[in-house]
Amino acid sequence: MTIQPAMPKSWRADTKPHKFCPGCGHGLVLKALGQAIDELGIQDRAVFGCDIGCSLLSWDFFNVDTVQTHHGRTNPVITGLKRANPDLIGIAYMGDGGGYAIGAQHLVSAATRNERITAILVNNTQYGMTGGQMAPTTLPGQKTETTPYGRDIEQTGHPTQGPEMVAAITKEGAYVARGTVANLRQLKNFIKKALQNQIEGNGFSFVEVLSTCPTNWRTNAKETWHFVENEMTQYFKIGEIKAPDSKGPEEGQTNG
């Protein structure tokens, strides 16, 4: 007789497999989040907010209270819920377009006010759901639907380095890190720390995750993992950037 492992409490078994494209990294990020929620035992207190875009496909992923927000408005929605009921554990889940473009002002404001929420931003260097256009995180020279000859930083500027920005504008108590779907154990640890930081009431918690999008990158499996493990990490450094017991981005940063 084969004994099946118990399904984590926070996951909805009837929604598996997930609805993302083959090779998409969102499922891996959500797996790490679900494990962190279960290990911390916060399923009954958690509220999961998801943004429009590929992120919205996570609206029925968890057995936790969930709200789908307008594009770029996930941070203020979760902030409002948290302020109305401080006992909740507010999780704002979004893509790089929702967090760094249309929702950039909300991310900056939440970080400046040191809101006691946890924001998780998935960075796949382009707008995934709408066909692969250039996003704030598109790498220099990267080809997208709107940059067919590669991103020209003289015209469009450099890619947004969100965690570094958040770390620079937050004060004491904030937790900021960047993980990757190429290292799930480390990623779960970062997300768990971000949730624990909220549980302790320290301050704003932010985790960016380097993720994959072979559909819009037009890459095979080998090319996909090379891009996320090598090319993306040349510009977006992996590690903890700020923690409550550190004095700033420099002392709190660990790469690898």
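Within the group Thr125, Thr130, which residue is within 21 Å of Ser211 (Cβ to Cβ) and surrounded by fewer than 17 Cβ atoms within 10 Å (Cβ to Cβ)?
Values: Thr125 fails: surrounded by fewer than 17 Cβ atoms within 10 Å (Cβ to Cβ).
That would be Thr130, the only listed residue that is within 21 Å of Ser211 (Cβ to Cβ) and surrounded by fewer than 17 Cβ atoms within 10 Å (Cβ to Cβ).
Checked against the criterion of being under 18 Å from Gly95 (Cα atoms) and in contact with a Cys (Cβ under 6 Å, 6 or more places away or on another chain), the candidates Thr160, Thr215, Thr144 yield just one match: Thr215. The set of residues in the stretch 47-74 being without any contact (Cβ under 8 Å) to a residue 24 or more places away in the chain and either part of a loop (DSSP other than H, G, I, E, B) or buried (at least 23 other Cβ atoms within 10 Å of the Cβ) (or both) consists of Trp59, Thr69, His70. Determine if the stretch 31-43 includes at least one residue that is of a type outside the set (A, V, I, L, M, F, W, C) and over 23 Å from Asn189 (Cβ atoms). No: zero hits.
Figure legend. Inter-residue proximity from the stretch 5-30: first residues crowded, with 16+ Cβ neighbours inside 10 Å and polar (S, T, N, Q), second residues part of a helix (DSSP H, G or I) and modelled with pLDDT of 80 or more, beta-carbon distance below 7 Å, spacing 6+ or different chains. Indicated pairs: Ser10/Gly34; Ser10/Ile37; Ser10/Asp38.
With respect to Trp11, is the statement that it is closer than 23 Å to Glu115 by Cβ and modelled with pLDDT under 95 true? Write out each step before concluding.
Details: closer than 23 Å to Glu115 by Cβ: no; modelled with pLDDT under 95: yes.
Criteria not met by Trp11.
Are any residues in the stretch 47-83 among the small types (Gly, Ala, Ser) and closer than 24 Å to Asp14 by Cβ, and if so, which ones? Scanning the stretch 47-83 gives Gly49, Gly53, Ser55, Ser58.
Rundown of residues vs (1) more than 30 Å from Lys143 (Cβ to Cβ); (2) buried (at least 24 other Cβ atoms within 10 Å of the Cβ); (3) not aliphatic (A, V, I, L, M), yes/no style:
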position: Pro159; (1), (2), (3): no, no, yes
position: Glu164; (1), (2), (3): no, no, yes
position: Gly173; (1), (2), (3): yes, no, yes
position: Ala177; (1), (2), (3): no, yes, no
position: Leu187; (1), (2), (3): no, yes, no
position: Asn197; (1), (2), (3): yes, no, yes
position: Phe206; (1), (2), (3): no, yes, yes
position: Ser211; (1), (2), (3): no, yes, yes
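The values are calculated or read from the model by the stated rules, or taken from the named source; none is laboratory data. Please read these numbers as outputs of a predicted model, since none were measured by experiment. Cβ coordinates were reconstructed from backbone atoms using ideal geometry, including for glycine residues, and neighbour counts include every protein chain displayed.
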